[in-house]
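Participant: There's a structure below that I have some questions on.
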Amino acid sequence: MDEKVCLITGATSGIGKATAMGLANMGASVVMVGRDQGRGEAALAEIKEGSANTSVDLMLADLSSQQEIRRLAGEFKEVYPRLDVLINNAGLFRSERITTADGLETTFAVNHLAHFLLTNLLLDGLEISAPSRIVNVSSGDHASGTIDFDDLQAEKGYKGAKAYSQSKLANVLFTYELAKRLEGTGVSANCLHPGAGIRTNFGSGVSGVFGVMVRAMGPLMKSPEKGAETSVYLASSPEVEGLSGGYFVKRAEARSSDVSHDERIARRLWEVSAELTNLPA
Ligand SMILES: NC(=O)c1ccc[n+]([C@@H]2O[C@H](COP(=O)([O-])OP(=O)(O)OC[C@H]3O[C@@H](n4cnc5c(N)ncnc54)[C@H](OP(=O)(O)O)[C@@H]3O)[C@@H](O)[C@H]2O)c1
């Protein structure tokens, strides 16, 4: 991975931080995106020291704000004209409905729209670096998700698990539609399930059934390094060079839910997402 520039969102903890370490260990030039300066600097120091790689950088942006995402993309492009691997990893679970500065429901905004916007803003750098790769971190929970176009922002009623599975299904639909749109560019787009029960900050501080479940699994959970394996594989392995539009589990292609293969839903989600992020459809 020498000379390859890799940007990873949600790199301050869990799977994202382990992915940053994995790629830094391979000699990549790693740009970690975090939202908190203190956590970001601590993670940056850890990756630099652990990998002995000095080409590791930190950029700050709260992905719940589209203004911050646009600023991040601008700052990134000023320093890095090329981008070989974009890993859209940041994600959250919210028990209660909270809206962002843009007035959007937070789970949908951070888990899906933020990465939709960031990817589109960074596409030119990926295209000039082709063959290059986009890796979207979804979840097996996408399988229980549906896209509720009549109430995407969950204004009529909010359930954390429903909002989360919808956002993770959106990650898969986005990947498939993106892969189609990128055909012939040399930029691939794949998504993955990192495995269930990875020991990260995910779900910490979450109340209700989900929080209880996450905490009860404690001793059985897998390491963040294990959770990062498929992300690192899709970002770096020659085995997947040129492969696009796939869903991967345990470093192997797998079948995602039937709904995720509905091309009309994928196209409609793209159009709505473009509208919500002020991008051309
Ligand atoms: N853990 C699992 O078992 C599991 C299973 C399936 C899928 N996943 C997926 O794996 C991905 C990584 O999750 P994880 O388990 O590693 O959880 P995590 O330890 O909580 O990491 C999530 C990362 O996302 C960042 N983030 C959250 N909200 C953000 C925002 N508004 N702006 C910028 N960054 C933000 C967090 O930043 P802070 O450090 O500032 O909070 C953190 O770096 C997620 O997409 C999740 O859906 C996880």
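Participant: What is the Rg over Rh value, at two decimals, for segment 131-281, using alpha-carbon atoms and the Kirkwood definition of Rh?
Facilitator: 0.98
Participant: Scan around VAL187 for amide H atoms under 5 Å from its own, H built in the peptide plane at 1.01 Å from N, and keep only partners 5 or more places away or cross-chain.
Facilitator: Amide H to amide H, under 5 Å and 5 or more residues apart or across chains, VAL187 pairs with SER132.
Participant: I want to check the label-to-label distance for GLN37 and GLU96. Put each point 7 Å from Cα in the C-beta direction and report it in nm to one decimal.
Facilitator: 2.9
Participant: Within 10 Å, count the other beta carbons around each residue, average over each peptide in 61-72, 12-23, and list them highest first. Write down the numbers at each step before the final one.
Facilitator: Details: 61-72: 19.1, 12-23: 26.5.
Going by the mean number of other Cβ atoms within 10 Å, highest first, we get 12-23, 61-72.
Participant: Across 10 Å bins from the origin, how do the percents of Cα pairs in segment 15-81 run, short distances first?
Facilitator: The distribution over segment 15-81 is 22, 50, 27, 1, given as percents.
Participant: Sticking with this structure for a sec: How big is the chain in terms of Cα radius of gyration and Dmax, in angstroms?
Facilitator: Values for the chain (Cα only, Rg and Dmax): 17.3, 51 Å.
Participant: OK, next. Hey, rough spin-label estimate for ASN201 and HIS261, points 7 angstrom out along Cα→Cβ, what's it come to in nanometres?
Facilitator: For ASN201 paired with HIS261, the spin-label model returns 3.8 nm.
Participant: Separate question: Considering the Cα trace of segment 60-208, what is its radius of gyration and what is Dmax, both in angstroms?
Facilitator: For segment 60-208, the Cα radius of gyration and maximum Cα-Cα distance read 15.5, 46 Å.
Participant: With N set to the number of residues, divide the alpha-carbon radius of gyration of segment 235-281 by 2.2 N^0.38 Å and report two decimals.
Facilitator: Numbers: Rg = 14.3 Å, N = 47, 2.2 N^0.38 = 9.5 Å.
The reported ratio for this selection is 1.50.
Participant: How big is the equivalent ellipsoid of segment 84-124 along its three axes, where each semi-axis is √(5λ) from the Cα gyration tensor, reported in whole Å from largest to smallest?
Facilitator: 23, 12, 5
Participant: Could you give the length gained by full extension between ASN25 and ALA216, i.e. 0.36 nm per residue of separation minus their alpha carbon distance, to one decimal place?
Facilitator: Fully extending the segment from ASN25 to ALA216 adds 65.5 nm.
Participant: Send over the per residue convex hull volume for segment 200-273, Cα only, as a whole number of Å³.
Facilitator: On the way: hull volume 12.0 nm³, N = 74.
Spread over its residues, the Cα hull of segment 200-273 gives 162 Å³ apiece.
Participant: Full extension from LYS180 to ASP62: what is 0.36 nm times the residue separation minus their Cα-Cα distance, to one decimal in nm?
Facilitator: Here the answer is 39.6 nm.
Participant: Would you be so kind as to identify all helices of the chain, as entire DSSP H runs, whose Cα atoms reach 27 Å or more along the helix's own axis and whose mean Kyte-Doolittle hydropathy is at least -1.0?
Facilitator: Span-like helices here: 160-181.
Participant: Using the per-residue mean of other Cβ atoms lying within 10 Å as a proxy for protection, in what order, highest first, do the peptides 253-260, 86-93 fall?
Facilitator: 86-93, 253-260
Participant: Can you give the Rg to Rh ratio of segment 161-218, both from alpha-carbon atoms, with Rh computed by the Kirkwood formula?
Facilitator: 1.14
Participant: Applying a 10 Å radius around every beta-carbon, put 193-201, 75-83 in order of their mean neighbour count, most first.
Facilitator: Per-residue mean Cβ counts within 10 Å order the peptides as 193-201, 75-83.
Values in this text are rule-based calculations from the coordinates and carry no lab data. Keep in mind that what you see is a predicted model, and the values were worked out from it rather than measured. Ideal geometry is used to build each Cβ from the backbone, glycine not excepted, and the neighbour counts take in all protein chains shown.
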